[in-house]
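What follows is a single structure, written as C-alpha cells, with notes after it.
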Amino acid sequence: MVNPFHLGWFMSGSTAQGWASPWSGDIASTWGSGAFHVRAAQLLERAKLDFILWEDLYYIPHHWQGKTDIYVENAISTPRLDTLTMTTFVAAQTSKIGLIATVPNFAYHPYALARLFSSIDSLSGGRAGWNVVTGTTNQALRNFGHEGLGETEDRYEKAGEYVDLMKAIWNTWEEDAIIADESTGRFADPAKVHKLKFEGKHYSFDGSPLVSGRSPQGIPAIAQAGASAPGRRLAAAHSDVIVGVAQSVAGMKQYREDVRNTMIELGRDPDDCKVLFLITPMLADTQEEAELKRANVHRQAEERVEIELADIGKRMDIDLSVLPMDTPLTEELLAGLHTTGHISYLAKFVKSAGGRTLREMAVESYIRMNWSEIDLYGTVETVADRMEEIMAEVGGDGFLFSQGNGNHTTRYMVEVAEGLVPELQRRGLARREYTSSTLKGHLQEF
Ligand SMILES: Cc1cc2nc3c(=O)[nH]c(=O)nc-3n(C[C@H](O)[C@H](O)[C@H](O)COP(=O)(O)O)c2cc1C
C-alpha cells in the first residue's frame with residue numbers, strides 16, 4: 001500500500017510567457033493583473049493540493065546573442081511580477097492552499113526578508129513558504145550590486161548562513177511569547193522576546209527582535225531545489241519540501257535516498273521533509289488522442305527552436321547562439337562552454353549532446369519538458385496507474401505538476417485538477433479534504 005501523494009504546482013512567475021500559445025485566453029492584456037494566479041490558486045485549492053510554488057528570476061535574461069531581445073520580443077520569462085507580492089495577493093482570495101514564493105539570498109537584507117515572509121505567513125493564516133535560491137546567473141547578482149555568483153561551494157556556504165540568520169530572526173519571538181491576556185493586561189511576555197546577536201563569516205546582525213512578531217508557522221515552510229552536492233546539503237539541512245527533477249525512476253529513487261541519508265547525517269528525521277518530483281502529464285480522453293497530442297508538441301517544438309535554446313541558455317547561464325545549429329556537437333565544440341550557474345545542467349547538456357545537432361537537442365528538450373522525462377501521457381487512468389507504480393518504486397513523497405515549458409494555461413490546470421486529481425482521490429492517493437490550515441500541516445499530514 002502506497003501512502004497518499006503530496007501534490008503541488010510549480011508555477012511560472014511569468015504568465016505573459018504563454019501569451020502567444022493556444023488556449024491562453026486574455027493573458028496578453030491581463031498578465032499584470034494577477035487574475036490568472038488567483039483563478040489558478042482557487043482551482044488548485046478545490047483539488048486540495050498542498051501548495052503552489054512560484055518560480056522567480058531577478059533579471060531579464062540576455063543569453064541569446066548577448067542581448068535581451070529574444071526574451072522581450074517573445075515574453076520568455078519576462079515580464080514577471082514579484083512573487084512575494086503575488087503570494088500576498090493570492091492569499092487574500094484563498095484559504096487553505098500553501099503559497100511558496102521564490103526569493104534569492106542576495107535581494108534583501110535578512111531582517112527585511114524575515115519580516116516580509118512573517119507578514120505573509122500572518123496574513124495567510126500560516127500558509128507561507130520560502131523557496132530558497134542562490135541565483136543562477138551573474139547578471140541577477142549584479143542588479144543588486146554584487147560581483148557575481150562565485151563558486152558553488154561559497155555560494156551555498158553563504159546561503160546556509162543566510163538561512164541560519166533568517167531562522168534566528170524568526171525565532172526572536174518564542175512560540176508562546178504572545179499571551180494577549182486581558183485579565184493581566186499583558187500582550188506578550190518580554191522574557192520570551194529576544195534581541196539577536198549573530199556573528200557569521202558572511203553576515204552579522206546585532207539588533208532588535210523581529211518587528212512583525214511571531215507568525216502562525218513561526219518559521220515559514222522552506223523549499224529548495226539544489227542539484228549540486230552543496231545545494232543538496234543545504235536542502236537536507238533546512239527544507240520542509242524539496243523539488244527534484246524526474247530524470248528516471250531509478251534516478252528519482254536515488255535522489256530521494258540521498259536526501260534522506262543526508263538528513264539523518266545532519267540529525268534530522270527524514271520524514272520531516274517531502275521530496276516531490278516535477279512532472280508534466282499529458283492527458284487526453286483516449287490513448288490515441290494522447291499520441292496525436294504528442295505529435296502536435298513535436299511540430300510546435302520545431303517551430304520554436306531559437307526560443308527553446310534561449311530558454312535552455314538562460315537556465316545554464318550560457319549563450320548557446322555561439323554554437324552552430326545544424327552541425328553534430330562534438331566534444332571540441334562543447335569544451336569552451338563554462339558556467340558558474342547550473343553546473344549540473346551544463347554537465348547534463350554536454351552528456352546528452354552525444355553527436356546530435358543543437359536543433360535536435362532543442363526539439364528534444366521542448367518535448368521532454370512537455371511530457372516530462374518519465375513518460376506520462378494518456379487517459380487519467382493510465383497516468384494515475386503509472387504515477388502509482390513510480391511512487392511505489394521511489395518510496396515517496398509525491399509530485400509537483402508543472403506546465404513544462406512555462407506557457408501556463410487554465411485549460412491544462414483544469415485537466416489535472418478536475419481530471420487527474422479526482423482519479424488519484426478515488427484510489428486514495430490524494431487528499432479529499434484539508435485536515436490542516438497551514439502549509440507545514442499539509443506537508444506533515446502523511
Ligand atoms: C525545479 C526547479 C526549480 C527552480 N526554480 C528556481 C527559481 O525559481 N529561481 C532560481 O533562481 N533558481 C531556481 N532553480 C535553481 C535551483 O535553485 C538550483 O540553483 C539549481 O537546481 C542548480 O543547483 P545548484 O545550485 O545546486 O547547482 C530551480 C531548480 C529546479 C530544479
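Bear in mind that the values in this text are calculations on the coordinates, not laboratory data. Please read these numbers as outputs of a predicted model, since none were measured by experiment. A quick note on method: Cβ atoms are made from the backbone with ideal geometry, for glycine too, and the neighbour counts reach across all protein chains shown.
What distance in nm separates the simple spin-label points at ASN143 and THR184, each placed 7 Å from Cα in the Cβ direction?
For ASN143 paired with THR184, the spin-label model returns 4.8 nm.
Please give the contour-minus-distance gain from ASP26 to ASP375: 0.36 nm per residue of separation, less the Cα-Cα distance, rounded to one decimal in nm.
Length difference between fully extended and current span is 122.5 nm.
Could you compute the net charge surrounding ALA284? Neighbours are other residues with a C-beta less than 10 Å from the C-beta of ALA284; K and R count +1, D and E count -1.
Once all neighbours under 10 Å are counted, the net charge is -3.
What range in the chain is the longest one free of GluC sites (Glu not before Pro) that are in a loop by DSSP and have at most 10 other Cβ atoms within 10 angstrom?
Looking at the chain, 183-432 is the longest stretch - no exposed GluC sites (Glu not before Pro) with at most 10 other Cβ atoms within 10 Å.
What is the log10 of I(q)/I(0) for the range 170-292, computed with the Debye formula using one identical point scatterer on each Cα and no solvent, at q = 0.13, 0.14 Å⁻¹?
Result of the Debye calculation: -0.76, -0.82.
Please enumerate, by chain and number, the lysines with C-alpha under 28 Å from the C-alpha of LYS67, excluding those fewer than 8 residues away in the same chain.
Hits, sequence-local ones excluded: LYS314, LYS348, LYS351.
On C-alpha positions alone, give me the angle between the axis of helix 358-371 and the longest principal axis of the chain, in degrees, nearest 10.
50
When the dipole is taken about the Cα centre of the range 288-369, and only Lys, Arg (+1) and Asp, Glu (-1) are charged at their Cβ, what size is it in debye, to the nearest 20?
Magnitude of the dipole: close to 240 debye.
Compute the whole-percent fraction of alpha carbon pairs in the range 288-369 spaced more than 18 Å apart.
That tail contains 41 percent of the Cα-Cα pairs.
To the nearest 20 Debye, how big is the dipole of the chain about its Cα centre, given +1 on the beta carbon of each Lys and Arg and -1 on that of each Asp and Glu?
Charge dipole, the chain, about its Cα centre: 680 debye, nearest 20.
With each pseudo-label sitting 7 Å past Cα toward Cβ, what's the HIS298-GLU151 distance in nm, one decimal?
4.6
Note down the nm distance, to one decimal, between modelled labels 7 Å out along Cα→Cβ at THR85 and at LYS197.
If labels sit at THR85 and LYS197, their model points lie 3.9 nm apart.
How charged is the neighbourhood of ILE60? Take every other residue with its Cβ under 12 Å from the Cβ of ILE60, and add Lys/Arg as +1 and Asp/Glu as -1.
Once all neighbours under 12 Å are counted, the net charge is +1.
Which residue fluctuates most in the GNM of the chain (Cα springs below 10 Å): ASP164, ASP319, ASP269?
Among ASP164, ASP319, ASP269, the largest GNM mean-square fluctuation belongs to ASP269.
When averaged across all projection directions, what area in nm² does the alpha-carbon convex hull of the chain cover?
With every direction weighted equally, the projected area is 22.2 nm².
Assigning unit charges at the beta carbon (Lys, Arg +1; Asp, Glu -1) and nothing else, what dipole magnitude in debye, to the nearest 20, does the range 317-446 show about its Cα centre?
Using Cβ point charges on Lys, Arg, Asp and Glu, the range 317-446 gives about 260 debye.
How high is the FRET efficiency from GLU331 to ARG39, r the C-beta distance, R0 41 Å, rounded to 0.05?
0.30
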